[in-house]
1. Angle check, please: helix 67-79 long axis (alpha carbons) against the longest principal axis of the chain (alpha carbons), in degrees 0 to 90, nearest 10.
2. Could you pull out the GluC sites (Glu not before Pro) across region 43-77 that fall in loop regions by DSSP (anything but H, G, I, E, B) with no more than 13 other Cβ atoms inside 10 Å?
3. For a test of understanding, tell me how many lysine pairs in region 2-89 have Cα atoms under 24 Å apart, given they are 8 or more places apart or on different chains.
4. At 10 °C and a viscosity of 1.306 mPa s, what translational diffusion coefficient does Stokes-Einstein give for region 2-89, taking Rh as the Kirkwood radius over Cα pairs? Give it in µm²/s as a whole number.
5. I need to check one value: relative contact order of region 1-110, counting alpha carbon pairs closer than 8 Å and at least 6 residues apart, in percent.
6. How about region 50-79: which trypsin sites (Lys or Arg not before Pro) there are in a DSSP loop, with at most 11 other Cβ atoms within 10 Å of their Cβ?
7. Return the distance in nm (one decimal) between the two label points of a simple spin-label model at I19 and R71, each offset 7 Å from Cα along Cα→Cβ.
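We did not get these values from a lab; they are worked out from the coordinates using the rules stated. If you're wondering where the values come from, they're calculated on a predicted model, not measured in any experiment. Glycine gets a Cβ as well: all are built from the backbone with ideal geometry, and neighbour counts include every protein chain shown.
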Amino acid sequence: MKNKTHSLHRARLKNNCPICFGTEGLEFTFTQDEKETVFFRKPASEINEVLFCNGCNNHIYPVNWTEDIERVFDYNKKIAEIHKHHLQIKPLFYFSIIGTVIVAATVAYFVFYF
């Protein structure tokens, strides 16, 4: 089983960094994980968000966010397009189901008629 991470939305902020007080380095990144197997693909229901400052190269944790950063976060979270939260079945799953039904029907035929 593979786990992939998709970047949903990336936004540059003009707010001051709470650590280095620079105005040009803040960046929000919204990501979503996805589980993929041979038979299906399913996105996770939660969205991960990271605030990173390129000026001081630090992750800014929500404890350090100001009210302005929280407002911008709420706005950008609404903009981020979420992948649908449903199970997407691949063609190999259908072929395996059809193959299983054919094998079961063949075995039942030989058991009951021979």
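1. Long axis of 67-79 versus the principal axis of the chain: about 30 degrees.
2. E46
3. 16
4. Calculated translational D: 112 µm²/s.
5. Result for region 1-110 is 25 percent.
6. none
7. 2.5 nm
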